[in-house]
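K.L.:
Mind having a look at this structure? Questions to follow.
The values are calculated or read from the model by the stated rules, or taken from the named source; none is laboratory data. Everything numeric in this text was worked out from a predicted model, so none of it was measured. All Cβ positions, glycine included, derive from the backbone under ideal geometry; neighbour counts span all protein chains shown. The accessibility values were calculated without ligands, DNA or RNA, using every heavy atom of the protein model including side chains. Shrake-Rupley method; radii C 1.70, N 1.55, O 1.52, S 1.80 Å.
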Amino acid sequence: MFCYHCQEAKKNLVCDKTGICGKKENVSSLQDMLMFSLKGLAFYCTQAEEFGLVSDKTNQFMAKALFSMVTNVNFSADDFVSLIDEAIRRRNSIRQQFLAAYQQKHEQAFSQTLTEEAEWQYDAVDEQAFTDKGKNVGVEKDNEILDPDIHALQETLLYAVKGLGSLAVHNAEMNIESAEQYHFMHQALSFTLNKDNTIEAVLTLVVQSGKLGLSAMALLEKANSKKFGAPAPTKVHLDTLENPGILVSGHDLRDIDDLLAQTAGTGIDVYTHGEAISAHAYPAFKKYFNLVANYGGAWQAQKTEFPKFNGPILVTTNSIQQPKKTYQDRLFSTGMVAWTDVPHIADRKPGQRKDFSEIIDIAKQSEVPTTLTEGAYQIGFGLAALTELTTKIADAIKAEKIKRIIVLTGTDGRHKERKYYTELAQALPENTLIITAGDVKYRFLTHDFGQIEGIPRLLDAGQSSDFSVIISFLQELQQSLALEALNDLPVSFNISWYEQKTILMMLALFSLGFKNMRVGPTLPPFFTPAILELLTDKYALKGIDTVESDIESMLAGS
Ligand code: SF4
């Protein structure tokens, strides 16, 4: 096993026996095998695009398969066996059609030298055979073949494409399909089949993945706001009420919509967990009086918080952990999330809502949740709310009431070093504004930051994918202040990375030419010293230091 694609890789190097996340060796090999299979499929998709032979279903399949490999999404060997099988079958089908179309157009056979990914066939759909093959085609193998620096950047590209896959799945759920993004997935995956790529060529694609990640996030934000209304500043209660409840975790607003529609008037309350807290800010959900509160904090708190909830728990997107016995029998997954033996709620049928009746029946028999805390958080500074504040914030900057905006975004995690984000937020001087997105906010959401000229000092823009909201707001602020470049804004980015979607935040900033961003609590383990040096030279990328020294540097604009 060799996996180092998240911030919790063992000793910030690599998980080599079993994953800190709970990923077993066989699942790691199956994921390597799935990536191998997808590269072969992508190779033919790239070739077949000009003949219009790549179907929407194949594109959607590829996005789902990529999403399944994002950290903490899917731990089911059965699912990976099916995905590998489908990838190979789809590759074979496109290959056959492409070769015929090519022959017809060029009056000769396609003669490009093929890599193993484009040719490999299985004898039978067999978990052990796929696992064994995965052991010989994964990231560790590439490490032996490729130049280490090129390999490091190519892995960055692959992780970015996994993040893009997850966004494409969310977008497809909202009926948004982007041909450009699917094309990029094909291009990026098949590009990694070349053994003679240069650093410059890989970096170009890595930066492009950041640009596309940002546009995928913006598409999702637009679709969510169109369907559920523009998020508005909202106080979210943290207390529990007298009814039994269902706890929903993850990011999927359509799942939350379906769940609320089916629980309204049943005497079952719905609570949010993790990034699902953002649902409270959408007008479409405010009409449901049974969406009562947020319960608990970020994803990694589930093992201590879920047992106390007493009712069923639905995990809609990533961030599932190995369930404890205390709540295993009332945990459900849906979408691309899976854990062996955890019941899975099937996808919605066309034109219908997802069927949550099984969960609702369990909730009816459950005890009310045990109260964890009381009070309220303020959330809901989506694009419309931030836009409304732009002139006020610009005026406060001009009047030197706001010295700097600190963007503290990203994902939370288990490392104790992450207390840095709590201490940093609390130690920032009162003339700084903090904008956040993602679940790192749970590190400082309880703190009372006060206001500057009537502007709340802490502005929560939403989920990780609402990073695009922050960028759009900053572009508006740049215009309002008549500044030539985004880098001229008094803004510092400090990104708490965890998995492949937060990698996209960093790459999005590269694509915009932003300098001086901090990434922590540790730098990605897959970066080699030479790649770090390259990114430091080009983008002034930094790791985190002490709270005091980082605040001093950020206030000085570095
Ligand atoms: Fe380790 Fe992260 Fe890979 Fe899990 S996803 S095996 S924690 S590096």
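K.L.:
Rank these by accessible area, largest first, 1.4 Å probe: Arg518, Arg353.
P.N.:
Arg353, Arg518
K.L.:
Now for a different question. Expressed as cubic angstrom per residue, what is the convex hull volume of the alpha carbon set of the stretch 10-226?
P.N.:
On the way: hull volume 28.4 nm³, N = 217.
Measuring per residue, one finds 131 Å³ for the Cα hull of the stretch 10-226.
K.L.:
Mind checking the dipole of the stretch 154-220: about its Cα centre, +1 per Lys or Arg Cβ, -1 per Asp or Glu Cβ, Debye to the nearest 20? Write down the numbers at each step before the final one.
P.N.:
Details: 3 positive and 6 negative charges, 15 e Å.
So the magnitude is around 80 debye.
K.L.:
Return the long-range amide H neighbours of Leu459 (sequence gap of 5 or more, or a different chain), with a cut-off of under 5 Å between placed amide H atoms.
P.N.:
Those qualifying (amide H under 5 Å, at least 5 residues apart or on another chain) are Ile434, Ile435, Thr436.
K.L.:
Follow-up question, since we're still on this one. Which pairs, out of Lys211/Lys441; Lys403/Lys538; Lys10/Lys441; Lys133/Lys354; Lys39/Lys501, put more than 29 Å between their alpha-carbon atoms? Don't jump to the answer; show the numbers that get you there.
P.N.:
Numbers: Lys211/Lys441 24 Å; Lys403/Lys538 26 Å; Lys10/Lys441 25 Å; Lys133/Lys354 36 Å; Lys39/Lys501 20 Å.
Checking Cα-Cα distances, Lys133/Lys354 exceed 29 Å.
K.L.:
Would you kindly state how much longer the chain becomes between Ala261 and Leu241 on full extension, computed as 0.36 nm times their sequence separation minus their alpha carbon distance, in nm to one decimal? Could the numbers behind the result be given before it?
P.N.:
Details: separation 20, 0.36 × 20 = 7.20 nm, distance 1.93 nm.
Roughly 5.3 nm would be gained on extension.
K.L.:
Moving on to the next point. In debye, nearest 20, what is the charge dipole magnitude of the stretch 381-555 about its Cα centre with +1 on Lys and Arg Cβ and -1 on Asp and Glu Cβ, if you could check? Walk me through the numbers before you get to the answer.
P.N.:
On the way: 17 positive and 22 negative charges, 51 e Å.
Here the size comes out at about 240 debye.
K.L.:
OK, next. Within the chain, what percent of beta bridges assigned by DSSP are antiparallel, to the nearest 5?
P.N.:
On the way: 7 of 43 bridges.
Given both bridge residues lie in the chain, the antiparallel proportion sits at roughly 15 percent.
K.L.:
So, R0 is 30 Å and r is the distance between the beta-carbons of Asp361 and Gln322; what FRET efficiency does that work out to, to 0.05?
P.N.:
Values: r = 25 Å, r/R0 = 0.84.
Once rounded, the FRET efficiency stands at 0.75.
K.L.:
A further question follows. Quick one: accessible area per residue over the stretch 10-226, 1.4 Å probe, rounded to a whole number of Å²?
P.N.:
42
K.L.:
Take the alpha carbon atoms of the stretch 36-54, find their center, do the same for the stretch 203-231, and report the distance between the two centers in whole angstrom.
P.N.:
24
K.L.:
With θ taken as phi - 60° and the coefficients 6.51, -1.76 and 1.60, list the Karplus ³J(HN,Hα) couplings across the stretch 304-317 in order, rounded to whole Hz; mark glycine and proline as x.
P.N.:
Working through the residues one at a time gives 9, 8, 4, x, 7, 6, 6, x, x, 10, 10, 9, 8, 10 Hz.
K.L.:
Principal axes first, then extents: for the Cα atoms of the stretch 476-553, list largest minus smallest coordinate on each axis, whole Å, largest first.
P.N.:
The Cα atoms of the stretch 476-553 stretch 39, 29, 23 Å along their principal axes.
K.L.:
Ignoring any ligand, DNA or RNA, what whole percent of the accessible area of the stretch 452-558 comes from carbon and sulfur when the probe is 1.4 angstrom?
P.N.:
On the way: 1620 of 3440 Å².
Carbon plus sulfur share of accessible area: 47 percent.
K.L.:
Is there a quick way to get the dipole size of the chain? I mean about its Cα centre, with the Cβ of Lys and Arg at +1 and of Asp and Glu at -1; what is the value in debye to the nearest 20? The partial results should precede the final answer.
P.N.:
On the way: 53 positive and 70 negative charges, 148 e Å.
For the chain, the charge dipole is close to 720 debye.
K.L.:
Something else now. Which percent of the Cα-Cα distances in the stretch 381-555 go past 21 Å?
P.N.:
Working: 6810 of 15225 pairs.
That fraction is 45 percent.
K.L.:
How large is ³J(HN,Hα), in whole Hz, for each residue of the stretch 56-69 in order, when computed from phi with the Karplus curve 6.51 cos²θ - 1.76 cosθ + 1.60 and θ = phi - 60°, using x for Gly and Pro?
P.N.:
These are the phi-based 3J(HN,Hα) values: 4, 5, 5, 4, 5, 4, 4, 4, 5, 5, 5, 4, 4, 9 Hz.
K.L.:
Distance between the C-alpha centers of the stretch 515-558 and the stretch 357-398? Whole Å please.
P.N.:
Cα centroid of the stretch 515-558 versus Cα centroid of the stretch 357-398: 31 Å apart.
K.L.:
While we're on this one: Highest first, please rank the peptides 166-173, 53-60 by the mean number of other Cβ atoms sitting within 10 Å of their residues. Before the final figure, lay out the partial values.
P.N.:
On the way: 166-173: 23.4, 53-60: 17.1.
Top of the packing list down: 166-173, 53-60.
K.L.:
Among Ser492, Phe473, Pro525, which residue has its Cα positioned farthest towards the positive end of the charge dipole of the stretch 455-558, with +1 placed on the Cβ of Lys and Arg, -1 on the Cβ of Asp and Glu, and the dipole taken about the Cα centre?
P.N.:
Pro525
K.L.:
Right, here's the next one. With θ set to phi - 60° and the Karplus curve 6.51 cos²θ - 1.76 cosθ + 1.60, what are the ³J(HN,Hα) couplings of the stretch 393-403 in order, to the nearest whole Hz, using x for Gly and Pro?
P.N.:
5, 4, 5, 5, 5, 4, 7, 6, 7, 10, 8
K.L.:
Relative to the compact globular guide of 2.2 N^0.38 Å, what is the alpha carbon radius of gyration of the stretch 112-223, as a ratio? Intermediate values should be presented prior to the final figure.
P.N.:
Values: Rg = 16.0 Å, N = 112, 2.2 N^0.38 = 13.2 Å.
The value comes to 1.21.
K.L.:
Working from the alpha-carbon coordinates of the stretch 1-67, get Rg over Rh, Rh being the Kirkwood radius.
P.N.:
Reported Rg/Rh (Cα atoms, Kirkwood Rh): 1.13.
K.L.:
Lys/Arg Cβ at +1, Asp/Glu Cβ at -1, dipole of the chain taken about the Cα centre: which of Gly210, Leu260, Leu13 is farthest positive-ward?
P.N.:
The residue sitting most towards the positive pole is Leu260.
K.L.:
Which three lengths, in whole Å and largest first, does the stretch 234-364 cover when its Cα atoms are put on their principal axes?
P.N.:
In descending order, the Cα extents are 36, 36, 25 Å.
K.L.:
What is the projected area of the convex hull of the Cα atoms of the chain, averaged over all directions, in nm²?
P.N.:
Details: hull surface 100.2 nm².
Hull-based average projected area comes out at 25.0 nm².
K.L.:
Mind ordering 380-390, 70-80 by average Cβ neighbours within 10 Å, highest first? Walk me through the numbers before you get to the answer.
P.N.:
Values: 380-390: 20.0, 70-80: 22.2.
Result, highest mean first: 70-80, 380-390.
K.L.:
Another question, then. If you take the charge dipole of the stretch 323-451 about its Cα centre, with +1 on Lys and Arg Cβ and -1 on Asp and Glu Cβ, which of Ser366, Asn431, Ile379 is farthest toward its positive end?
P.N.:
Asn431
K.L.:
Hey, what's the Kirkwood Rh for the stretch 62-123 if you take every pair of different alpha carbons, in angstrom?
P.N.:
Numbers: mean 1/r = 0.0726 Å⁻¹.
Every distinct Cα pair counted, the radius reaches 13.8 Å.
K.L.:
Hey, how many Å between the Cα centroid of the stretch 433-502 and the Cα centroid of the stretch 272-306?
P.N.:
What the calculation gives is 21 Å, centre to centre.
K.L.:
For Ile405, what residues show an amide H to amide H distance below 5 Å, using hydrogens built from the backbone and excluding near sequence neighbours?
P.N.:
When sequence neighbours closer than 5 places are left aside, the close amide H contacts are Leu433, Val491, Ser492.
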